[in-house]
Every structure is written in C-alpha cells, then in structure tokens.
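Q: First the structure, then my questions, so here it is.
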Ligand code: 5GP
Ligand code: ZN
C-alpha cells in the first residue's frame with residue numbers, strides 16, 4: 001500500500017536496520033526498542049493485522065513465526081527466552097497498520113503484559 005510505513009520499508013523507500021529477510025518476510029530493528037533485542041517481523045505483502053489474514057495466508061503466518069524463531073536464534077536470545085507479540089487494533093496498542101510480530105528479548109519479561 002502506497003502510504004503504509006512498513007510497505008515503504010519493504011520497498012527500501014524508508015531505511016531500516018534489516019536483520020532477517022527471505023522471499024516472504026522481513027525482520028528489522030524497532031526504531032524505539034523496548035528491550036535489548038526488539039525486532040519487528042513483517043510479511044512483505046501488505047496485511048493490516050492478524051484479523052485481516054485469511055486461510056490463504058496460513059503458510060505466510062507460519063513463515064512469520066519461523067522467521068521470529070530464526071531472528072531469536074541469530075540474536076542469541078533463543079536459549080534464555082524471548083517473547084513474540086502482535087498488537088491488533090488501537091486498543092491493543094497497534095500504531096502501524098501493517099501486520100508485524102514483535103520479537104522481544106535480552107531481559108526478563110513481566111506477565112501479564114500491560
Ligand atoms: P505497534 O505499536 O503497531 O504494535 O508497533 C509498531 C512499532 O513500530 C513500534 O514498536 C514502533 O517503535 C515501530 N516503528 C514505528 N515507526 C518505525 C520506523 O520508521 N522504523 C522502525 N524500524 N520502527 C518503527
Ligand atoms: Zn503495508
């Protein structure tokens with residue numbers, strides 16, 4: 001989508017510190033990290049949120065999860081533990097309306113999240 005921030009990162013129009021890429025997914029450092037490791041994993045394809053994905057996106061959603069695990073391994077947080085989160089909708093804290101999974105780690109995580 002032409003006015004979508006993360007589509008512009010996919011196209012290279014807006015720079016990002018890319019740490020993972022494959023044919024379908026991109027992972028890059030969050031600009032405002034909430035943990036020592038904070039990577040956003042997104043589909044190259046514009047999907048607004050988890051609730052906007054459908055059965056045809058099942059493989060893509062699996063690939064996104066595997067990309068998160070690859071990022072965690074690459075960043076050295078897989079052993080200690082990490083969290084994967086997606087926010088759907090304004091009330092949950094979604095501020096960019098292109099599906100993204102947050103991969104957070106490198107510190108102890110509180111539960112429940114705020
Ligand atoms: P949300 O609030 O939608 O769950 O997460 C959006 C995330 O995108 C936030 O953690 C925010 O810091 C990050 N973000 C917003 N704009 C940019 C940007 O231009 N570049 C990068 N790398 N991250 C961004
Ligand atoms: Zn987009």
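The values are calculated or read from the model by the stated rules, or taken from the named source; none is laboratory data. Since the structure is predicted, the reported quantities are computational estimates derived from the model, not experimental observations. Using ideal geometry, Cβ is built from the backbone for each residue, glycine included, and neighbour counts are taken over all protein chains shown.
Q: Mind checking whether some residue in segment 68-85 is within 10 Å of ligand 1 (Cβ to nearest atom), more than 16 Å from residue 5 (Cα to Cα), surrounded by fewer than 18 Cβ atoms within 10 Å (Cβ to Cβ) and modelled with pLDDT of 95 or more?
A: There is at least one residue in segment 68-85 that is within 10 Å of ligand 1 (Cβ to nearest atom), more than 16 Å from residue 5 (Cα to Cα), surrounded by fewer than 18 Cβ atoms within 10 Å (Cβ to Cβ) and modelled with pLDDT of 95 or more.
Q: Going by the structure shown, is residue 34 more than 16 Å from ligand 2 (Cβ to nearest atom), assigned to a helix (DSSP H, G or I) and at pLDDT 95 or above?
A: Values: more than 16 Å from ligand 2 (Cβ to nearest atom): yes; assigned to a helix (DSSP H, G or I): no; at pLDDT 95 or above: yes.
In short, no.
Q: When you check residue 36 against the structure, is it away from ligand 1 (no atom under 13 Å from the Cβ) and under 13 Å from the mean Cα position of the chain (by Cα), yes or no?
A: Against the criterion (away from ligand 1 (no atom under 13 Å from the Cβ) and under 13 Å from the mean Cα position of the chain (by Cα)), residue 36 does not qualify.
Q: Under 7 Å between Cβ atoms, at least 6 apart or on separate chains: pull out the pairs that start in segment 1-28 with a residue that is modelled with pLDDT under 95 and end on any residue that is away from ligand 1 (no atom under 11 Å from the Cβ).
A: Every condition considered, the pairs that remain are 1/7; 1/46.
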